[in-house]
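In what follows, a structure is listed as structure tokens, so that the remarks can point back to it.
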Amino acid sequence: MTEKFAPIFSNFPDILTTLAVLLGGLAAGLVARVVVFALLRAYNRREDSALARSVSSNLSSVSSWFFPVLAISLLLPLVPLPPKPFEVLRRVVEFTLILSFAWGLIRTLDVVQDLVQQYYQLSGSDNLRVRKLFTQLQFIKKIAVSLIAFIGVGLVLMSFETVRRLGTGLLTSAGIASVIVGFAAQRSISNLLAGFQIAFTQPIRIDDVLVVEGEWGRVEEITFTYVVLNIWDQRRLVLPLNYFIEKPFQNWTRSNAELLGSVFIHADYSVPVGAVRAELERITAHHPLWDGRVCKLHVTDSKETTLELRALVSARNGSDAWDLRCDIREQLVAFLQRDYPGSLPRVRAEVAAPVPNRLGFGPASIETT
């Protein structure tokens, strides 16, 4: 029994030394992380730094892995293990370091995005340039994240001899594989190419107002393969990227967000158009949603029983235009009801005098208009 466990007892000091090195590296990494983030918080309290806040928020979790693994990798030459166990330990530390570093790079992209969003605000009234920038940055960020993840996992896998041999074999048949993959993924590839086209030619952008498939909404997200439209009633319409290359749609914010809104009123022929026009001008002059550009009233049609009046007003964006139209329609109808009730749409009936005949007077004739 003693001879059976003799190798373990003989290597016991090396095992203790290995555990001490690993625990020491782990402790040193955690202490370094605590010190770094304590300094960041202190700097943020003193300077109110957006960079310090973003780094603390986005890199806190990944640093709990990266700093300890980095410290262990630096102390790894001190581990007194035999060659095979040492190689296994070295591989594990190396894989963890690569993956945590890739994770850190991905989270660093979030820091960059936070800084851009801090400097450029989408909430401004004239945010065309900002929406262009955000659309391109969002697409570039997704590509960068995919590349970092692909390279990180590839570095880990290619460190295995079996995977390297498999990769060499795949390269020899790359021609056939590319044809097969091309046929199988042609829709995905076309969507990816459409994504590049949308990101840089920008028929749509983040926060653009669109009318698609009869639905009004804002572009909420643009991915590699689809676009998410936030509909006005908080539904989400998901459309493939190819849709915006191949089919027509309305973009209400392509050049700017300013819009003209129309309000139609049907009234009797006796309506005083000048008074209605003056009332429209009075309403818009004091309305907070009117941008001061256009305020007109026209008689656009004359039907058998009514006149069609069109009020044309302008607003800063589509949402304001909708609310402004609703308010003007409500107030113009109330104005006619209050001051000119006889100008509301109505049906006239005219009773003519009785017509004489051989037997006396016949029934009266009735004409309606």
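The values are calculated or read from the model by the stated rules, or taken from the named source; none is laboratory data. All values reported here derive from a predicted model rather than from experimental measurement. Quick reminder, even Gly has a Cβ in these numbers, built from the backbone with ideal geometry, and neighbours come from all protein chains shown. Calculation scope for accessible area: heavy atoms of the full protein, side chains included, ligands and nucleic acids excluded. Shrake-Rupley method; radii C 1.70, N 1.55, O 1.52, S 1.80 Å.
Accessible surface of E279, taken over heavy atoms with a 1.4 Å probe and every protein chain present, rounds to 20 Å². Once all protein chains are placed together, D301 keeps about 60 Å² accessible to a 1.4 angstrom probe. At a probe radius of 1.4 Å, what is the per-residue accessible area of W216, in Å² to the nearest 10? Counting only protein heavy atoms, the figure is 60 Å². The residues of the stretch 59-99 expose on average 57 square angstrom of accessible surface per residue, using a 1.4 Å probe on protein heavy atoms. Each peptide in 311-319, 137-145 gets a packing score, the mean of other Cβ atoms within 10 Å over its residues, and the list from highest to lowest is 311-319, 137-145. Across E215, E220, the residue with the most accessible area heads the list, and the full order at a 1.4 Å probe is E220, E215.
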